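Okay, so here's the structure we're looking at.
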Amino acid sequence: MSVHEKFGFSTRAIHSDDNNAKNVLSDIAPPLHVSSTYKYPVSFNYDIGVRKGVFSDPDELRKHIIGLDINSEVDTADSHVYSRYSTDTRDRLETVLGSLEGGHATTYSSGLAAIAAAFEFYQPTRLILPHAGYFGTHSVASIFRRSRPRIQILILEDFLETNTDFGASDLVWLEMPQNPNGEIYDIRAFRERCKNGAVLVVDATFSPPPLLYSLELGANCVMHSSTKFLGGHSDLLGGVLVVKDFETAQKLRQDRNFLGSVMGNMEAWLLLRSLSTFIRSLEVRATRQSESATTIATWLASPPQTSEDVKPTEHAFLVCNRLRLFKNATSLGGVESLIDWRRAFDDKISGGVCRVSIGLENVEDLKADLRKAFSEVKDALESDSEKKTDVE
Ligand SMILES: *Cc1c(COP(=O)(O)O)cnc(C)c1O
């Protein structure tokens, strides 16, 4: 069986949390619970007291609590205590996310919080990161190294030439596709090279399911910034780690209980809606956005759009500011198209690069917007150089 369970992707996006809803109001849409704390069923503390052996006569004591418990219908093993540990909204979200990736999901307050949680959990002695890739991943790695001066941070590209296996305490980090130029890696080949116990993590922020199923291809863990495609509406910050087995997910959740990097209920609720509502469902969005992106990339690659003597940095910078439909903002994967001059954030990136995220607008409108900006910028830069020639 390929992707887990008996239902198709869209059905799972909408229904895989049906059974873990403690839904006393029969809501069809998931409710948003904002409580940070929950009333204990009386038996909750009683059971703990019995387990710890602190009551001198537990049976006698039990008689005094019968009938006190107005929550007695709540299954104590399943009830919430405090929202850093669990909340209904977040639990439902994790059920859906896990089902979409074919594993068990743990959510975090941001993508970077998820990356930090992965480093903390796997505790590698060598961390192998792409030279390029998302700049924040490198910053998290530097912070992680502060308290572990002996950890080695190595460059993934240096391992591409050789075919050697990774070591048992290595963590290999792939970004798929990779910032800013979109390189992709053969996850299966890396799986093979990790057979001695190295951990393979894929940052699949740019390629959510159903575009890529990293766990199926052999990743130990998939990471997403759910701020991007999974959220898709540019209105929430969040991160996710998905692993194949439940026990590992439980350990990640236990770490998170005390690292405190939990996703807020409002964000969890928004993300749940982003994954399941129909028109804006992840499957519809991701498929359509990737088709439009292919159309635009093919169009841009065909005849050269720019003259030979453009100054790429100035050109790229100006184009970002001359578009009407594309907003000049960072982030990606939302329903609105965005364009970002990445040189501002990352010194490794050439000044001539604009990162573009294609949204759900009509693709011909997007092309027209780009065409107009290219020609305005070309005119502006050419009139500058004419002025200069006049002066000379
Ligand atoms: C945005 C991004 C992150 C960081 O996620 P935040 O939610 O902003 O913390 C990590 N990896 C990639 C590829 C990203 O695009």
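A few remarks follow.
- Single residue of segment 239-289 satisfying the filter (of a type in the set (Val, Ile, Thr) and away from the ligand (no atom under 16 Å from the Cβ)) that is nearest to residue 215 (Cα to Cα): 243
- Residue under evaluation residue 285, criteria (1) more than 23 Å from residue 187 (Cα to Cα); (2) of a type outside the set (Phe, Trp, Tyr); (3) at pLDDT 95 or above, criterion not met: (3)
- Of all the criteria given as (1) within 16 Å of the ligand (Cβ to nearest atom); (2) at pLDDT 95 or above, the one not satisfied by residue 151 is (1).
- Restricting segment 129-147 to residues that are of a type in the set (Phe, Trp, Tyr) and in a helix (DSSP H, G or I), the residue that is farthest from the ligand (Cβ to nearest atom): 144
- Residues of segment 100-124 that are away from the ligand (no atom under 15 Å from the Cβ) and either part of a helix (DSSP H, G or I) or over 17 Å from residue 214 (Cβ atoms) (or both): 100, 101, 120, 121, 122, 123, 124.
- Positions within segment 368-392 being modelled with pLDDT of 90 or more, charged (D, E, K, R) and surrounded by fewer than 16 Cβ atoms within 10 Å (Cβ to Cβ), in sequence order: 371, 372, 376
- Residues of segment 346-367 that turn out to be loosely packed, with under 15 Cβ neighbours inside 10 Å and either over 28 Å from residue 289 (Cα atoms) or in contact (Cβ under 8 Å) with a residue 12 or more places away in the chain (or both), as a count: 4
- Residue selected from segment 1-36 under the condition in contact with a Phe, Trp or Tyr (Cβ under 9 Å, 6 or more places away or on another chain) and small (Gly, Ala, Ser), by the criterion modelled with the lowest pLDDT: 2
- Scanning segment 239-276 for residues that are among the polar types (S, T, N, Q) and not in a helix (DSSP H, G or I) returns a single hit, 261.
- Residues located in segment 201-238, provided they are buried (at least 20 other Cβ atoms within 10 Å of the Cβ) and more than 16 Å from the ligand (Cβ to nearest atom): 213, 215, 220
- Identity of the residue in segment 165-199, within 16 Å of the ligand (Cβ to nearest atom) and touching a Gly at 6+ places or on another chain (Cβ under 7 Å), that ends up nearest to residue 115 (Cα to Cα): 175
- Residues that are closer than 18 Å to residue 220 by Cβ and crowded, with 17+ Cβ neighbours inside 10 Å within segment 254-271 comprise just one, 256.
This table checks each residue for (1) assigned to a helix (DSSP H, G or I); (2) at pLDDT below 90; (3) of a type in the set (Lys, Arg).
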| position | (1), (2), (3) |
| --- | --- |
| 310 | no, yes, no |
| 321 | yes, no, no |
| 340 | no, no, no |
| 356 | no, no, no |
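- Output for segment 37-80, where each listed residue is modelled with pLDDT of 90 or more, out of contact with any helix residue (DSSP H, G or I) (no Cβ under 9 Å at 6 or more places or on another chain) and in a loop (DSSP other than H, G, I, E, B): 53, 56, 57
The values are calculated or read from the model by the stated rules, or taken from the named source; none is laboratory data. Because the structure is predicted, anything quoted here is derived from the model rather than measured. Positions of Cβ are backbone-derived with ideal geometry, glycine not excepted, and every protein chain shown enters the neighbour counts.
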